[in-house]
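Asks: Below are the structure tokens for one structure; questions will follow.
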Amino acid sequence: MKTWVMVRHAKSSWAFDLPDRERPLAERGVRDANLMGEHLKPMGFQFDKILSSPAKRAFDTALIVTSALEIDTSSIEIAEDLYDFSGRQVLDFMRNLPENLSSVMTFGHNNACWHLAKTLGGFVGDNIPTAAAVIFRFDVSLWGQISSCDCSVIIPKDLR
């Protein structure tokens, strides 16, 4: 069994003229990221690895969520392949993870989140909102075998 919790970065701010990778979180983004972490905490996940896109908004979301989960934030690793908006690069990255990892959390971007939730988990919505978490549970022993599975989507708006 392989478990993947994929979190879309929280709401970012457009208040500054910055390159895409450097956009910070908006105040709502900070609140929603903390809310998501607090909601995930009682679920009892034990992550073998936590990875984030290098974009500031994704990494800051990772810092807030892992802090709420009471996980050492220094364990977050940056993965360039998670700075992807189509989902193909992310899926290739996940399929090449070391097999000794059973449970992984990633922080990334839409449309990659939406595309993967739709194609792997049968998600029928037209969007994965900011700070939402998609929980994939694959009945396989190798990351290279991940394909269709059941998934659940947790949306911050539903937690408020």
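Asks: Helix 27-40: angle to the longest alpha-carbon principal axis of the chain, degrees 0 to 90, nearest 10?
Replies: Taking the Cα atoms of the chain, the angle to 27-40 is about 30 degrees.
Asks: Also, quick follow-up: Name the lysines eligible as straight-distance cross-link partners of K118: C-alpha to C-alpha under 19 Å, and not fewer than 8 places from it in the same chain.
Replies: Result set, ordered by chain and number: K2.
Asks: Neighbouring Cβ atoms within 10 Å as the yardstick, rank H9, H115, H39 fewest first.
Replies: Least to most surrounded, the residues fall as H39, H115, H9.
Asks: Hey, another quick one. Quick one: which residues, 5+ away or cross-chain, put their amide H under 5 Å from the amide H of L25? H built at 1.01 Å from N.
Replies: Residues meeting the criterion, in which the H sits 1.01 Å from N, are S13.
Asks: Given labels modelled 7 Å from the Cα in the Cβ direction, how far is it in nm from R160 to R137?
Replies: 2.9 nm
Asks: Now, a different point. Please arrange T66, T106 by how many other C-beta atoms lie within 10 Å of their C-beta, fewest to most. Please report the intermediate quantities before stating the final value.
Replies: Details: T66 23, T106 27.
Fewest-to-most ranking of T66, T106: T66, T106.
Asks: Using the Karplus curve 6.51 cos²θ - 1.76 cosθ + 1.60 with θ = phi - 60°, what ³J(HN,Hα) values do you get for each residue of region 104-109, in whole Hz, with x for Gly and Pro?
Replies: 10, 10, 10, 10, x, 10
Asks: Counting alpha carbon pairs within less than 8 Å and at least 6 residues apart, what relative contact order, in whole percent, applies to the chain?
Replies: Dividing the mean separation by the residue count of the chain yields 33 percent.
Asks: Below 8 Å, C-alpha to C-alpha, sequence gap of six or more: please give me the relative contact order for region 35-108 in percent.
Replies: 44 percent
Asks: Residue-wise, which Karplus ³J(HN,Hα) couplings in Hz belong to region 90-97, taking 6.51 cos²θ - 1.76 cosθ + 1.60, θ = phi - 60°, and x for glycine or proline?
Replies: 4, 4, 4, 4, 5, 5, 10, 5
Asks: Give me, ordered by chain and number, the residues 5 or more places off L51 or on other chains with an amide H under 5 Å from its own placed amide H.
Replies: Under 5 Å from the amide H of L51 lie the amide H atoms of E77, M105, T106, F107, each far enough along the sequence or on another chain.
Asks: Just to be sure I understand: with springs between alpha-carbon atoms less than 10 Å apart, which residue in P54, P42, P129 has the highest mean-square fluctuation in the Gaussian network model of the chain?
Replies: Between P54, P42, P129, it is P42 that shows the largest mean-square fluctuation.
Asks: Can you give the % of DSSP beta bridges in region 2-159 that are antiparallel, to the nearest 5?
Replies: Beta bridges within region 2-159, antiparallel portion: roughly 50 percent.
Asks: Rounded to whole Å, give me the distance from the Cα center of region 54-87 to that of region 1-29.
Replies: If you average the Cα positions of each part, the centres end up 9 Å apart.
Asks: Continuing with this model, one more query. With θ set to phi - 60° and the Karplus curve 6.51 cos²θ - 1.76 cosθ + 1.60, what are the ³J(HN,Hα) couplings of region 126-142 in order, to the nearest whole Hz, using x for Gly and Pro?
Replies: For region 126-142, the Karplus curve yields 9, 6, 9, x, 4, 6, 7, 10, 10, 10, 9, 10, 9, 8, 9, 9, 10 Hz.
Asks: Let me ask something else about it. Can you pull the semi-axes for region 2-159, root of five times each eigenvalue of the Cα gyration tensor, sorted largest first, whole Å?
Replies: For region 2-159, the ellipsoid semi-axes come out as 22, 17, 16 Å.
Asks: Let me ask something else about it. Work out how much length F85 to D72 would gain on full extension: take 0.36 nm times their residue separation and subtract the Cα-Cα distance, in nm to one decimal.
Replies: Extra length from F85 to D72 when fully extended: 1.9 nm.
All of the numbers you see were taken from the coordinates with simple rules; none came from a lab. As the structure is a prediction and not an experimental result, all values here were calculated from the model. Using ideal geometry, Cβ is built from the backbone for each residue, glycine included, and neighbour counts are taken over all protein chains shown.
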